[in-house]
């Protein structure tokens, strides 16, 4: 098994009301918007959670360009790992 380096392009965080994320904005984080108010495991959309604001901190200047690139193809060796 071969260890591969994971490329990190940004950090993300979620801010729940009543907080507004002022400290993130002051530290140059980007506000992306709000979540849908559903948990990751709520496939049936039965349990409403608080809507959270999503903030990201880019680690690279060309973050938008990097996120628009197609994903690399997975080889057989990587698929078995």
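List of remarks:
- Whichever residue in segment 47-81 is modelled with pLDDT of 90 or more and in a strand (DSSP E or B) and, among such residues, is farthest from residue 36 (Cα to Cα): 58
- In segment 22-38, the residues that are surrounded by 13 or more Cβ atoms within 10 Å (Cβ to Cβ) and under 26 Å from residue 6 (Cβ atoms): 24, 29, 30, 31, 35
- Residues of segment 1-21 that are exposed (fewer than 12 other Cβ atoms within 10 Å of the Cβ), modelled with pLDDT of 90 or more and closer than 30 Å to residue 69 by Cβ: 11, 12.
The values are calculated or read from the model by the stated rules, or taken from the named source; none is laboratory data. Model, not experiment: these values are computed from the prediction. Methodologically, a virtual Cβ is constructed for each residue, glycine included, from the backbone with ideal geometry; neighbour enumeration extends over all protein chains shown.
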